[in-house]
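Q: Below: one structure in structure tokens.
The values are calculated or read from the model by the stated rules, or taken from the named source; none is laboratory data. Keep in mind that what you see is a predicted model, and the values were worked out from it rather than measured. Here the Cβ positions follow ideal geometry from the backbone for every residue, glycine too, while neighbour counts run over all protein chains shown. Each accessible area value is taken on the protein alone, full model and side chains, heavy atoms only, with ligands, DNA and RNA left out. Shrake-Rupley method; radii C 1.70, N 1.55, O 1.52, S 1.80 Å.
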Amino acid sequence: MAPEVAVQEAPSQPTTRRIVNDFSIQVATVNGSGSQTANLVLLRSIFRMGIPVSGKNLFPSNIAGLPTWYTIRANRDGYIARKQDIDFLVAMNAQTAQEDVVSLKPGAAVVYDEPLNLATLRDDLTFYPVPFDKLVAGVCRDAKLRRLVRNMIYDGVLASLLRIDRAEMERALEKQLGRKPKAVALNREALDVGFAYAEQHFEKRDPYFVESMDATSGQVLIDGNAAAAIGAMMAGVTVVTWYPITPSSSLCETLIDYLRQHRIDKDSGKATFAVVQAEDEIAAIGMAIGAGWAGARSMTSTSGPGVSLMSEFAGLGYYAEVPAVIFDVQRVGPSTGLPTRTAQGDVLSTAFLSHGDTRQLMLFPSSVEECYSMAIEAFDLAERFQTPVFVMSDLDLGMNTWMSQPFRYPEKPLDRGKVLDAETLDRIGKFGRYRDVDGDGIPYRSVPGDPMPAYFCRGSGHNEWAQYSERPDDYRKNIDRLRSKLETARNWLPAPVVTINRKASIGVIAYGTTHWAVVESRDQLVNEEDVQTSYYRVCAYPFRDALTSFVERHDRVYVIEQNRDAQMLSLMKLDLAPELAGRLRSVLHYAGHPIDARTITDSILIQEGYRVEKTRPQPSHVPQSAGVGGE
Amino acid sequence: MATVQTPAAGKGKINRIGLASQEYRGTKTTLCAGCGHNAISERIIHACFEMGIEPDRVVKLSGIGCSSKSPAYFLGSSHGFNAVHGRMPSVGTGAMLANRRLIAVGVSGDGDTGAIGIGQFVHLMRRNLPIIYIIEDNGCYGLTKGQFSPTADLGSTLKTGVVNDLPPIDTCALAIELGASFVARSFSGDKKQLSAVLKAALSHRGTAMLDVLSPCVTFNDHEGSTKSYAYAKSHDDPLGELDFVPYFEEIDVDYEPGTTHEVELHDGSTLYLTKLAEDYDPRNKLQAMSVLQETRSRGTFATGLIYVEPTKPDFLEMLNLVDEPLASLPQDRVRPPEAVLEAIMNDLR
Ligand SMILES: Cc1ncc(C[n+]2csc(CCOP(=O)(O)OP(=O)(O)O)c2C)c(N)n1
Ligand code: SF4
């Protein structure tokens, strides 16, 4: 039976309802079509109007021709996590347009490419058809350029419909295109054409508006990989080794740019850093370990598949006690998984990366600011504890654009750790590379090329004098000292961020990018059902002792994370007494896109025994969030 | 004709930096008596002593295997890193990036290099990193009890009678092809040649790849093996005499014109190679590749300096590093000033 598609009158009347600074825009394009400039200009112009924003790119593992969605969320209250519902769709991609429109909630608005003929699909949306090809033809003759400039037209249309400050938009455009006056002029024209078209042809019939406010002044827009790169440079990194992999490549690529600008010796014109693109991740970490052993501040950056390859060397670093910093910008596994989607799935495997009784130190940045500050801290910690340190970022943090307070210049000098010098040697008498002189499990080390006594570094069994040994007592003593070193690290690593709510009997634990959805969800819980929560944000592994007291304070504690296996919760169970471990519940999200507040709120409410209206199914390209944990 | 005099075995002999040869020794070897690897360690001790190498500038690097254990048995006062199987090249690369003043001496095995480590070996050769990379080549895996390695010759047999039916990897040909700037082959039993090669390698700047036949007396020294002492002695095909004169010694040699090739090395030392009938010049890449092929097809193996390119830029030069070791740069040279951070932040607004 043919569906009844009678010609519909445009349904929506000019609206009197105004929703100001609280909506999400989704731009659906084809990847490789150069929409990134248009999207960033849109994001930046709203940001410059003082409205809190975030921009997230949902892109395929492909160079050109597959669907891509860019989502901008503007929110006056500062919620910048992903939001499930799209309020304003820009449909530029024929492949997905129908599906994209069908999955919108009633009342949403759609700007679309006129030939796609979407207006007949639904009668509960507001449609704004734009003849992009016709308009772009008037702007530019070159067919190749046309494809790129075409996208700028929707920025103009949105400026008109949403009332975006055009001066800000032009400034954002100049910022984005920098010193390319021709490109700026061409794109500005496209903006104007889009704006003029919308002004002439559209009556505003949706409720979404932007209005200037003052919530972003002084702030910056940056992605986590660039933030980590700046941190690494400020930490005085000297040896950088890497092997390209999404989503971590841009970390080292940005770092290379910054180093070339700011770390060339003025007098000699020579570099105070070395960067090597290695033949694989095994070599990358091998070089980082070799450099760390020889006294450099060394790092590498990778993602899950690379971390798997690094396993043997990570164990060597742990056991031979060699500093190195490894950035793991997590993506969806197992195996190749979803290379361009986000997850927090490497937590357990990294904690124990390598065979034997290996434990690794991990830091969990949740913001771009922490990508910066924890990058700096990671280098200090690696040298202080003479061991690899993993900075556990993720694709959402690393590759998406976040707003942030400007980063603060580091106050602390570099901590190079316990490097043996003449004075120390005098004090301790005889140098034993693996001797616990100070009772904190951290031995002194000498460095090749310095005048201190040398030692033979090895991954095979050794005694405190760094001699080869297979004696049971030597082995035990050393491996127990390594544990006591981790005990020292436990309360030295970045402290958790804890918010105790005296009215709360339930606690929430999260880490990394999950934080942003948690902030919003905790407010939803209070506003909707008066469910009060305390919050413990994990910043490092091994956990601080404070974890125990947090769990003790609460009857039930929800550990919220973006993986299937409740990885952080599992790690916590190892540390907590069984009675306390029994209080832990899970909220799990593992669909490839960033977690959102609704998923958390609904899951907690259900587990707390509340009735929750089933949320509408999500569009098929954004699979239904796996939601309710503890199942 | 004279190279540097081998010091008398007696005590008291001091080298040019005032150290006795004793000070170039390591801990007592735990390898089998008669293992070729021990003879190579002796040659390394001897070469470093004679060249007056400062032990605190040396880093000894290795992978895993009997051969890779041997750095513990020489230069005991130098730093060493016995890393993971087949991955010494990356560790050595990192160490040299950290401190370009170091002298890297790497020891690997034919399994460590030719099997698990072939990837890192290939890329090390491409980079021409300043390092001496010694393969102690016994055609088998000693430490795991005698299995074939990828350098075992076609038709060579294990003690158990198993015949190798895969062609060997010629690490010298591979190294030349890939860009190593100093490639030699020698035999642990040829003291004089191995000493000259090692000293020349110490005078070279760039990757010096030395494949040294080093029989495994326990698993691969029987009849039927092509890596036994007996086989090596009877099939060694030297590319002429090799004389090394270090830069710090007077050259008091007289060669009849036209009888030798003279190769000046990076540090000013000189190698004299007697010309053979074929007039072999190790600076000629084509000739180097063809001599390897020719000798192999004759069933022998060429030894001596096979290829050298004394002025090829090394990896650290190409990176345009500051002169000081990166590892010891002070904070004010590695942490940009506050104004830099401010400018970056401004740019992100
Ligand atoms: C990842 C890994 N795989 C396997 C081994 C076991 N293993 C130790 S030494 C060795 C072979 C060594 O052979 P070679 O490099 O030729 O050295 P040799 O003992 O003959 O001197 C192997 C396979 C290991 N240590 N690590
Ligand atoms: S097993 Fe072979 S290679 Fe190993 S130490 Fe003994 S002789 Fe040398």
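Q: In whole angstrom, how long is each semi-axis of the equivalent ellipsoid of region A:186-326, when you take the square root of 5 times every eigenvalue of its Cα gyration tensor and sort them from largest down?
A: Equivalent ellipsoid semi-axes, largest first: 44, 19, 15 Å.
Q: Holding the Cα-Cα limit at 21 Å, pick out from A:Lys477/B:Lys145; A:Lys56/A:Lys144; A:Lys175/A:Lys270; A:Lys266/A:Lys418; B:Lys285/B:Lys312; B:Lys159/B:Lys227 the pairs that are longer than that. All intermediate terms of the calculation are to be shown ahead of the outcome.
A: Values: A:Lys477/B:Lys145 31 Å; A:Lys56/A:Lys144 26 Å; A:Lys175/A:Lys270 31 Å; A:Lys266/A:Lys418 31 Å; B:Lys285/B:Lys312 13 Å; B:Lys159/B:Lys227 12 Å.
Beyond 21 Å between Cα atoms: A:Lys477/B:Lys145; A:Lys56/A:Lys144; A:Lys175/A:Lys270; A:Lys266/A:Lys418.
Q: Let me understand region A:19-209 better: what is its radius of gyration from the alpha carbons, and its Dmax, in angstrom?
A: Rg and Dmax of region A:19-209, Cα atoms, are 15.3, 45 Å.
Q: Let me test this: with uniform point scatterers at the alpha carbons of region B:21-324, what is the Debye-based log₁₀ I(q)/I(0) at q = 0.16 1/Å?
A: Per q value, in the given order, log10 I(q)/I(0) is -1.35.
Q: In region A:222-404, what percent of the accessible surface is made up of carbon and sulfur (1.4 Å probe, ligands and nucleic acids excluded)?
A: Result for region A:222-404: 49 percent of the exposed heavy-atom area is carbon or sulfur.
Q: Please report, in cubic angstrom per residue, the volume enclosed by the convex hull of the alpha-carbon atoms of region A:222-404.
A: 97 Å³
Q: If you take every DSSP beta bridge fully contained in chain B, what fraction is antiparallel? Give it as a percent rounded to 5.
A: Antiparallel bridges: around 40 percent, rounded to the nearest 5.
Q: So, one more: Quick check: convex hull over the Cα atoms of region B:59-103, volume per residue in Å³, rounded to an integer?
A: With only Cα atoms used, region B:59-103 gives 59 Å³ per residue.
Q: Mind listing the Cα extents of the protein assembly as shown along all three principal axes, in Å, largest one first?
A: Projected onto the principal axes, the Cα atoms of the protein assembly as shown cover 105, 69, 61 Å.
Q: Another question, then. How large is the convex hull of the C-alpha atoms of region A:46-153 per residue, in Å³?
A: Numbers: hull volume 14.1 nm³, N = 108.
Spelled out: Cα convex hull of region A:46-153, divided by residues, is 131 Å³.
Q: Same structure again: Over all distinct Cα pairs, what is the inverse of the mean 1/r for region A:463-551, reported as the Kirkwood hydrodynamic radius in Å?
A: Radius from the Kirkwood sum: 15.8 Å.
Q: How far is helix B:191-203 tilted off the main Cα axis of chain B, in degrees rounded to 10, range 0 to 90?
A: With rounding to tens, the tilt is 20 degrees.
Q: Looking at region A:422-490, what % of the alpha carbon pairs are farther apart than 13 Å?
A: Percentage above 13 Å: 65.
Q: Can I ask one more? Checking the a/c ratio against 1.5 first, then a/b against b/c, what shape does the Cα gyration tensor give for region A:335-479?
A: Judged from the Cα gyration tensor, region A:335-479 comes out oblate (a/c at least 1.5, b/c at or above a/b).
Q: Treating the angle as unsigned and between 0 and 90°, give the value, to the nearest 10°, between the Cα long axis of helix A:166-177 and the longest Cα principal axis of chain A.
A: It is inclined by approximately 50 degrees.
Q: With +1 on each Lys and Arg Cβ and -1 on each Asp and Glu Cβ, how big is the dipole of chain A about its Cα centre, in debye rounded to the nearest 20?
A: I would put it at about 720 debye.
Q: Continuing with the same structure: Bin by bin, in steps of 5 Å, what percent of the Cα pairs in region B:34-143 do you find, going until the bin that has the longest distance?
A: Over region B:34-143, the share of Cα pairs per 5 Å bin runs 2, 13, 25, 25, 19, 11, 3, 0 percent.
Q: Give the angle, between 0 and 90 degrees and rounded to the nearest 10, that separates the Cα long axis of helix A:304-320 from the longest principal axis of the Cα atoms of chain A.
A: 20 degrees
Q: Can you check how the C-alpha radius of gyration of region A:31-94 compares to 2.2 N^0.38 Å, as a plain ratio?
A: For region A:31-94, the normalised Cα radius of gyration is 1.17.
Q: OK, next. Can you give the accessible area of A:Glu114, probe radius 1.4 Å, in Å² rounded to 10?
A: Rounded to the nearest 10, the figure is 80 Å².
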